[in-house]
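S.K.: The structure follows.
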Amino acid sequence: MSKWRERLNEYDDEHRHMLEGGSISQLFLSYSLSFSNPVFVGIVYGIMINMTLLLPIFYEGNSNSEDPMEILQKWINQSVIILLLCAFLGAISTIISSLIRRPPIRLEKRRRYLYPLPFIGFLITTITIIFSTPEELKILGYFILIAPGPLYIQISYAPRWRMIERIDRDLDPFEGMKKTIYREINNDELSEQNFNELENVIEELDS
């Protein structure tokens, strides 16, 4: 077992839950911290994108009577660009999380907005590849397809990885942090908070 996993019991349930992350974070963090670096996570996301674009690109090339090797070369060139972009954004996220030192944002209640985006982007990109569409639509499709991965790394995974990496080196993961966790406010707590604020306003008016 990794050293950082053994030390998770030192923290309260909320912080332990935050550090463990969701299913995707746990999948990457099941490997060593060197291989689960945000840069490599970005590369994995880039590989997934490239694999989904293989068939549309070959379909387009075949429709244009292009040589299979030319189509493959086009796909490889595009794949390298996407991989480098995702890796670069992962590295930027690592640097930003080290400088800003903020806690990770858990995405359980936000995944319904974030997770469909790659599929929407893939659909738009496929349509733009197969059919004659404006170049702006193709750019939009690629943006929606690529953006969710780096966004997830930026707001959730990179801050979590930074804290876990510090735990693994026997350092304080919360050093220099103004806030150590983003607490979710449920509806009951929000209603109670609003009720208390209303009571305070009424008391001030009566006094």
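Derivation of every value follows stated rules applied to the coordinates shown; laboratory data play no part. Keep in mind that this is a model prediction, so the values were computed, not measured. So basically every Cβ, Gly included, is an ideal-geometry build from the backbone, and we count neighbours across all protein chains shown.
S.K.: Once all Cα-Cα distances of the chain are split into 10 Å bins that start at 0, what whole-number percent is in each one?
M.R.: Once binned at 10 Å, the Cα pair distances of the chain give 8, 27, 26, 18, 13, 6, 2, 1, 0.
S.K.: Report the extension gain between PHE143 and LEU99 in nm, rounded to one decimal, defined as 0.36 nm multiplied by the number of residues separating them, less their alpha carbon distance.
M.R.: 13.2 nm
S.K.: Could you list the residues of the stretch 49-64 with an amide nitrogen less than 19 Å from a label point located 7 Å from the Cα of PHE119 in the Cα-to-C-beta direction?
M.R.: Under 19 Å, as judged by backbone N against the label point of PHE119, lie 49-56 of the stretch 49-64.
S.K.: Give the calculated FRET efficiency between LEU55 and SER34 to the nearest 0.05, with a Förster radius of 35 Å applied to their Cβ-Cβ distance. Present the calculation step by step, with values, prior to reporting the outcome.
M.R.: Details: r = 33 Å, r/R0 = 0.95.
E(calc), rounded to 0.05, equals 0.60.
S.K.: So if each residue of separation counts as 0.36 nm, and I subtract the Cα-Cα distance between LYS74 and ARG166, what length gain in nm does that give?
M.R.: Values: separation 92, 0.36 × 92 = 33.12 nm, distance 4.14 nm.
Result: 29.0 nm gained on full extension.
S.K.: When only C-alpha pairs under 8 Å and at least 6 residues apart count, what is the relative contact order of the chain, in percent?
M.R.: Relative contact order for the chain comes out at 28 percent.
S.K.: I would also like to ask the following. Test of the criteria: in the stretch 80-161, which chymotrypsin sites (Phe, Trp or Tyr not before Pro) are in a DSSP loop and have at most 13 other Cβ atoms within 10 angstrom of their Cβ? Walk me through the intermediate numbers first.
M.R.: Values: sites: PHE88, TYR113, PHE119, PHE122, PHE131, TYR142, PHE143, TYR152, TYR157, TRP161; in loops: PHE131.
Passing sites in the stretch 80-161 are PHE131.
S.K.: Sum up the charges of everything whose Cβ sits under 9 Å from the Cβ of ARG102, counting Lys and Arg as +1 and Asp and Glu as -1, but leave ARG102 out.
M.R.: Values: positive: ARG101, LYS178, LYS179; negative: none.
Summing Lys and Arg as +1 and Asp and Glu as -1 gives +3.
S.K.: Follow-up. Let's test the formula: R0 of 35 Å, r as the Cβ-Cβ distance of GLU14 and ILE47. What FRET efficiency results, to the nearest 0.05?
M.R.: According to the calculation, E is roughly 0.55.
S.K.: Just round it to a whole percent: the fraction of Cα-Cα distances in the stretch 96-178 exceeding 21 Å.
M.R.: Counting pairs separated by more than 21 Å, the tail of P(r) holds 47 percent.
S.K.: Right, another one. Length gain on complete extension for the stretch TYR182 to LEU84, per 0.36 nm per residue less the alpha carbon to alpha carbon distance? Present the calculation step by step, with values, prior to reporting the outcome.
M.R.: Working: separation 98, 0.36 × 98 = 35.28 nm, distance 3.14 nm.
Full extension from TYR182 to LEU84 adds 32.1 nm.
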